[in-house]
Amino acid sequence: MSTSPANVRGSAARDPDELLFRVIHDVRALLRRSHVGAQLLERRLWERLDQESRGLLEGVLGAQRDLDQMLGRLATYADAGRSAPEEWMNLETVILGAKLSVKVALEAAGGEIASTETAGIRVPSAIQAAMVEVIHNSIRVHREGVAPRIAISAQQSPGGHVIRISDNGRGWDAAYSEKMFEPLAKLEAHSEGFGLGLAIARRIVEFQGGRMWAEPRADGGDVFIEFPRE
């Protein structure tokens with residue numbers, strides 16, 4: 001059965017995530033055209049530009065790259081809200097996959113991840129992506145001069161199981177424990193990233209039937225992911 005353009009537009013209008021996807025796709029297409037043009041100018045005119053003009057052109061190219069990365073993260077956020085329930089896997093396997101995904105960033109920061117008390121626990125496989133977002137966030141907010149140390153553990157709860165991801169980072173004011181999960185929220189004005197990592201993680205968790213929250217500590221912070229039993 002074919003779908004008419006009117007039906008496609010109507011579907012996007014009813015689904016905010018689908019609409020966001022379409023907007024991101026079109027904006028990135030326009031951005032790519034602009035970036036190609038700027039790169040051509042760089043190749044053709046670089047030798048003729050003075051130092052100030054070269055700096056301006058490099059700034060334009062850098063801003064275009066940053067904007068494309070931000071749009072990609074927004075696409076990931078939209079996709080997290082459209083994901084269907086996935087197969088369940090052993091938590092140990094999910095943690096191993098998360099460790100492999102963050103290996104480069106973790107080694108660059110001189111950090112390490114330890115995991116305990118996870119045997120026999122099963123979670124939706126999508127939780128791996130949520131863990132990756134949380135771990136990357138922990139790496140970004142580690143204290144200067146202190147290598148990030150991340151610990152992952154799990155225990156039973158009245159409704160199922162709770163996964164705890166702890167770090168030794170800078171922590172935060174408890175008043176912002178909910179705000180930090182809002183899309184584009186950045187507790188530190190000059191921090192790296194786009195303020196989407198924890199929002200993406202929570203979206204993944206909630207669309208898999210769980211819930212997620214965070215609690216600060218004097219020497220870092222904890223992120224909790226709770227799931228019903230399989």
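The values are calculated or read from the model by the stated rules, or taken from the named source; none is laboratory data. Owing to the predicted nature of the structure, the values given are computational and were not obtained by experimental measurement. All Cβ positions, glycine included, derive from the backbone under ideal geometry; neighbour counts span all protein chains shown.
From the list Lys99, Lys103, the lone residue that is farther than 21 Å from Phe227 by Cα and assigned by TED's automatic domain parsing to the domain that holds Gly171 is Lys103.
Of the numbered criteria (1) within 17 Å of the chain's Cα centre (by Cα); (2) touching a residue at least 24 places away in the same chain (Cβ under 8 Å), the one Arg211 fails is (2). For segment 127-157, a residue qualifies if it is in contact with an Asp or Glu (Cβ under 7 Å, 6 or more places away or on another chain) and surrounded by 22 or more Cβ atoms within 10 Å (Cβ to Cβ), and the qualifying residues are Ser138, Pro148, Ile150, Ala154. Residues in segment 210-228 that are assigned to a loop (DSSP other than H, G, I, E, B) and either in contact with an Asp or Glu (Cβ under 8 Å, 6 or more places away or on another chain) or not assigned by TED's automatic domain parsing to the domain that holds Ser115 (or both): Gly210 only. For Val123, state whether it is within 18 Å of Met212 (Cβ to Cβ), in contact (Cβ under 8 Å) with a residue 60 or more places away in the chain, surrounded by 21 or more Cβ atoms within 10 Å (Cβ to Cβ) and in contact with a helix residue (DSSP H, G or I) (Cβ under 6 Å, 6 or more places away or on another chain). Taking the combined requirement at face value, the residue satisfies it. Taking the criterion of being touching a helix residue (DSSP H, G or I) at 6+ places or on another chain (Cβ under 9 Å) and modelled with pLDDT of 90 or more, the residues of segment 221-230 that qualify are Gly221, Val223, Ile225, Glu226.
Hey, any hits in segment 175-192 for a residue that's in contact (Cβ under 8 Å) with a residue 60 or more places away in the chain and in contact with a strand residue (DSSP E or B) (Cβ under 9 Å, 6 or more places away or on another chain)? Looking for residues that are in contact (Cβ under 8 Å) with a residue 60 or more places away in the chain and in contact with a strand residue (DSSP E or B) (Cβ under 9 Å, 6 or more places away or on another chain), one finds none in segment 175-192, hence no. Just for segment 145-185: of the residues that are farther than 12 Å from Ala214 by Cβ and among the hydroxyl-bearing types (Ser, Thr, Tyr), which one is modelled with the lowest pLDDT? In this case the residue turns out to be Ser157. Residues that are surrounded by 20 or more Cβ atoms within 10 Å (Cβ to Cβ) and touching a residue at least 60 places away in the same chain (Cβ under 8 Å) were ranked within segment 158-174; the one that is nearest to the chain's Cα centre (by Cα) is Ile165. Just so you know, in segment 186-199 the residues that are part of a loop (DSSP other than H, G, I, E, B) and at pLDDT 80 or above include one that is surrounded by the most Cβ atoms within 10 Å (Cβ to Cβ), and it is Leu196. Only a single item in (1) closer than 14 Å to Gly197 by Cβ; (2) free of Cβ contacts under 8 Å to residues at least 40 places away in the same chain is not met by Glu133, and it is number (2). Picking from residues in segment 76-89 that are at pLDDT below 85 and among the hydrophobic types (A, V, I, L, M, F, W, C), the one that is farthest from Leu184 (Cα to Cα) is Ala84.
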